[in-house]
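Asks: Following this message is one structure expressed as structure tokens.
Nothing in this text is a laboratory measurement; each read-out follows from the coordinates by a stated rule. Bear in mind the structure is a predicted one, so any value in this text is a computation, not a measurement. Glycine also receives a Cβ, built like all others from the backbone with ideal geometry; neighbour counts cover every protein chain displayed.
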Amino acid sequence: MYYPFLRGKQFELLALREFSEIYSDNCKIFPIIEPVSDSFNSLKIACKKFNDNKFNYAIVLNPQVGGKKGKIKDIESELEEYLHQDNCYVAFIISNDLTITKVLEHIKSKSYNNVLIICDRSVDSSSSVLDELFSLDCVKKVLIDDNNRNLKRKLKLKEVIRFDDKFKPQNKNADYLAIPEEKFTEEHSYYSDENFSGFADYTVLASEYTEGGMLPYAVAIHLTYKKNDTEIWIRHFVSDTNDDRSNIQGKFSEAAGKAVSFFRAIPYTNSAIDELNNYYDNGQYPGLGVLKKISIKSHLELVNSLL
């Protein structure tokens with residue numbers, strides 16, 4: 001099973017919604033969503049769609065970034081009708097003993113049946129309060145860094161998921177011109193051999209949280225594909241006229257043209273790549289948010305097909 005970790009922004013949620021519509025009957029994807037936006041509207045729409053499609057997912061109740069950081073009661077109040085559904089897990093990020101104690105006390109005060117724990121790299125595997133947290137029957141799934149072997153040994157009765165940071169961000173989109181492709185992951189091939197029940201990462205997005213910014217000088221489209229029998233690689237399709245921020249539509253056409261040519265030559269496609277093809281063939285610029293949605297959705301479709 002694949003556990004993509006995504007922030008609850010509009011186009012990340014849209015990618016998940018559209019994916020859940022297509023793969024509700026044959027799904028190996030279990031997204032974890034960290035709410036970050038000030039408004040709950042997009043997240044509520046997504047949760048309703050997930051429930052309608054019987055699509056499994058998790059909501060982080062103690063976000064570490066964004067506008068919902070530290071607002072666990074607000075999240076629970078706004079999403080109460082979804083958090084107790086069978087297909088929804090509640091998730092908590094833990095680090096030191098202080099945060100673990102707060103999470104432990106909160107879980108004990110609630111009646112959640114399905115809890116997912118995300119372990120920060122600073123978690124001390126010898127912590128007694130950590131042992132108490134993991135002894136709870138409602139804690140079903142735990143995400144850990146593979147380097148913490150002592151922690152993994154403690155979790156024999158839980159579903160343990162390997163959590164990695166795979167995307168390698170550059171300072172500027174134009175910098176990807178020097179990196180046309182690179183290896184992305186092989187965890188889909190080996191996670192079960194290493195006694196993990198699943199694997200997780202940040203998909204084709206950087207792990208560092210950003211609110212957004214100005215129009216870029218260059219347009220970059222990041223798409224994954226199956227390189228060989230065991231590896232997924234990522235291609236960076238970048239515009240060429242990158243001296244200023246003008247003519248974003250033209251920059252999109254340059255980057256999309258490279259992507260369309262590459263995938264038609266492999267050949268490989270999915271619903272997300274088909275959408276990109278349509279925009280390019282019709283001379284339409286969908287906007288940078290839609291490009292992000294396409295990249296995420298395409299990656300989810302690829303991993304789902306390989307699993």
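Asks: Regarding the range 1-163, what whole-number volume in Å³ per residue does the convex hull of its Cα atoms give?
Replies: Dividing the Cα hull volume of the range 1-163 by its residue count gives 105 Å³.
Asks: Same structure, new question: List every residue whose amide H lies under 5 Å from the amide H of residue 184, counting only residues 5 or more places away in sequence or on a different chain, with H placed 1.01 Å from N in the peptide plane.
Replies: Under 5 Å from the amide H of residue 184: 232, 233, 234.
Asks: Which aspartates and glutamates have a Cα less than 12 Å from the Cα of residue 108, not counting those fewer than 8 places away in the same chain?
Replies: Straight-line reach from residue 108, under 12 Å: 132, 137.
Asks: Run through the range 60-117 and list the trypsin sites (Lys or Arg not before Pro) located in a DSSP loop whose Cβ has at most 15 other Cβ atoms within 10 Å.
Replies: 69, 110
Asks: What is the extension gain from residue 136 to residue 95, computed as 0.36 nm multiplied by their sequence separation minus the C-alpha to C-alpha distance, in nm to one decimal?
Replies: 13.0 nm
Asks: Roughly how far apart, in whole Å, are the Cα centres of the range 3-67 and the range 122-162?
Replies: 24 Å
Asks: Strictly over 28 Å apart at the Cα level, which of 28/73; 102/292; 44/156; 140/292; 141/227; 28/292 would you flag in this model?
Replies: 28/73; 102/292; 44/156; 140/292; 141/227, as the Cα separations exceed 28 Å there.
Asks: While we're here: With a ≥ b ≥ c taken as the square roots of the eigenvalues of the C-alpha gyration tensor of the chain, please select rounded if a/c is under 1.5 and otherwise prolate if a/b is larger than b/c or oblate if it is not?
Replies: prolate
Asks: Could you pull out every one of the aspartates and glutamates with an alpha carbon less than 14 Å from that of residue 168, ignoring same-chain neighbours closer than 8 positions?
Replies: Excluding near neighbours in sequence, the set is 181, 182, 201, 208.
Asks: Among 157, 63, 176, which residue has its Cα furthest toward the positive end of the charge dipole of the chain, with +1 on Lys/Arg Cβ and -1 on Asp/Glu Cβ?
Replies: Of the candidates, 157 comes out farthest on the positive side.
Asks: What's the center-to-center distance, using Cα atoms, between the range 249-291 and the range 209-248 in Å?
Replies: Comparing the Cα centres of the range 249-291 and the range 209-248, I get a distance of 12 Å.
Asks: Treat every Asp and Glu Cβ in the range 1-163 as -1 and every Lys and Arg Cβ as +1, leave all other atoms uncharged, and give the resulting dipole magnitude about the Cα centre to the nearest 20 debye.
Replies: 340 debye
Asks: I would also like to ask the following. Using a Gaussian network model on the chain with a 10 Å cutoff between Cα atoms, which of 241, 210, 101 fluctuates the most?
Replies: Result: 210 has the largest fluctuation of those listed.
Asks: Just how many % of Cα pairs in the range 109-222 lie over 24 Å apart, if you round to the nearest whole percent?
Replies: Here the long-distance tail beyond 24 Å is 42 percent of all Cα pairs in the range 109-222.
Asks: Counting only helical runs of four or more DSSP H residues, what would the 222 nm mean residue ellipticity of the chain come to if each run contributes -39,500 (n - 2.57) and the total is spread over all its residues?
Replies: Values: 10 runs with 115 residues, N = 307.
After summing the helix terms and dividing by the residues of the chain, the value is -11500 deg cm²/dmol.
Asks: Continuing with this model, one more query. Using the Kirkwood radius built from alpha carbon pairs, what does the Stokes-Einstein equation give as D for the range 238-307 at 25 °C and 0.890 mPa s, in µm² per second?
Replies: 193 µm²/s
Asks: Residue farthest toward the positive end of the dipole of the chain, with Cβ of Lys/Arg at +1 and Asp/Glu at -1: which of 82, 189, 119?
Replies: Positive-most Cα among the choices belongs to 82.
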